[in-house]
1. Which of the listed residues, 229, 114, 14, is farthest toward the dipole's positive end in the chain, when Lys, Arg count +1 and Asp, Glu count -1 at the beta-carbon?
2. Could you check which residue among 340, 129, 77 shows the biggest mean-square fluctuation in a GNM of the chain with a 10 Å Cα cutoff?
3. Enter the accessible area per residue of segment 257-305 (Å², integer; probe 1.4 Å; all protein chains in place).
4. How far, in nm, would the chain grow between residue 260 and residue 152 when pulled straight, counting 0.36 nm per residue and subtracting the alpha carbon separation?
5. In whole angstrom, how far apart do the alpha carbon centroids of segment 219-268 and segment 196-212 sit?
6. About the Cα centre of segment 255-406, what is the dipole size in debye to 20, counting +1 per Lys and Arg Cβ and -1 per Asp and Glu Cβ, all else neutral?
7. Using 0.36 nm per residue of separation minus the Cα-Cα distance, give me the extension gain between residue 33 and residue 248 in nm, one decimal.
8. Angle between the Cα long axis of helix 255-265 and the longest principal axis of the chain, 0 to 90 degrees, nearest 10?
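The values are calculated or read from the model by the stated rules, or taken from the named source; none is laboratory data. Everything numeric in this text was worked out from a predicted model, so none of it was measured. Here Cβ is always computed from backbone atoms with ideal geometry, including for glycine, and neighbour counts include all displayed protein chains. Note: areas computed on protein heavy atoms with side chains; ligands, DNA, RNA excluded. Shrake-Rupley method; radii C 1.70, N 1.55, O 1.52, S 1.80 Å.
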Amino acid sequence: MTVGEKEKTVIIGVTGGIACYKAVELVRLLVKDSLAVQVIMTRAAMEFVTPLTFQTLSGKPVATETFNLTQESEIGHINLADSADLFVIAPATANVIGKIAAGIADDLLTTVLMATQAPVLIAPAMNIHMYENPILQENIRKLRRIGYHFMEPAEGYLACGYEGKGRLPEPEKILEEIRSLLRKKDLLGERFLITAGPSREPLDPVRYISNRSSGKMGYALARAAVRRGAGVVLVSGPSAIEPPSAVRLIPVNTAAEMRRAVLEQFPECTAVIMAAAVADYRPVDASSKKLKRGKAPLDIRLEPNPDILRELGRRKNGKLLVGFAAETEELIANATRKLHEKNLDLIVANDVTQAGGGFDGDTNIATIVDRSGASDSLSLMTKDELADRIYDHLLALKDKHSDGNS
Ligand code: PMT
């Protein structure tokens, strides 16, 4: 990730725990994300994984020894400290956390950490009783107060045989946190209301009408907004995706529930982005009992759901409104019509017939259209990338508005 300018460098400090194997995958993901990665290993870490593994994946010699003359002349611990845009320790043992909290710098990792001015992210991994130990907890509180970032360990089966909190979070989660810490916070002060996923309109207690939306687009928007410093309320139809921890999630089922939640949150937000695939119709009478199978055809009467976005467009009150348009024909014409009918600032036109675009996958293909008729036709990209492009457009629009008002 270059975040618009120079390539970012992340130092990954690896300390001695069984979760070292997950740090290997983390380094692979970071390199895949176009980040420069420099690994520093403690002696104990090298008991679990060899430096060669990290060197092969990062493409850089692994730094291990403060007093190794070759390493010091080639890399230099101060150079290392200065090169970092972010310093991550994953996994972090109770021992290293204790040393950092006490100001001890007795090996390369703790020495470079002491010298760096980069933000620091620590991902502890250890036995549950070690994690709960009040000394460790006090050390974490102390470091948090100083400004160190911590990730909560995950819960589950621990290598020591216990069940509970102490697992290193999955590498994808750590990557997410790293991206967030590296990202320019250009959405600070914004409060986004984002909708995601499908609505489910019940026919009876066990059946419903719904659509193929997975929530991926809306959750990608929520992740990107948090990364860039915005506050996020995510109103989501049923989805299997875990939201970022900084997001306030309001789970809903039906369009009516989504409408209620959105209208309640609307006054507090600065912008709304509706990526949800809200059902346009719902059964007139949902049966309170399971419908019985019969020989005759079953007629179900549907009535229109309220159009949530159109309602917001009527009471806009200076907020930016972004809609999505899932289309199978006349993409731009239909999307532009919805933009004006619903009084939106931007619409993301989604041709859902194209491979790699629309429902369920990790990628999308979209054209972003504004009220002037200007459009930005984007090629296939991940939903995370598209989310960032939408925010870039929103920021440009805000700049244009504030220029117009000055
Ligand atoms: O969730 P994914 O699997 O990642 O899929 C992503 C997506 C295809 C669902 C997403 O990219 C998308 O296109 N979402 C909008 C789908 C849709 O309902 O489009 P529409 O053209 O029917 O609605 C236009 C806009 O009005 C949408 O912003 C919609 O949220 C909103 N709407 C629609 C109906 C309704 N009753 N109330 C609304 O507010």
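1. The Cα lying farthest towards the positive end belongs to 229.
2. Result: 129 has the largest fluctuation of those listed.
3. Working: 3520 Å² over 49 residues.
Here the per-residue accessible area is 72 Å².
4. 35.6 nm
5. Here the answer is 18 Å between Cα centres.
6. Values: 22 positive and 25 negative charges, 200 e Å.
Here the size comes out at about 960 debye.
7. Full extension from residue 33 to residue 248 adds 74.7 nm.
8. 60
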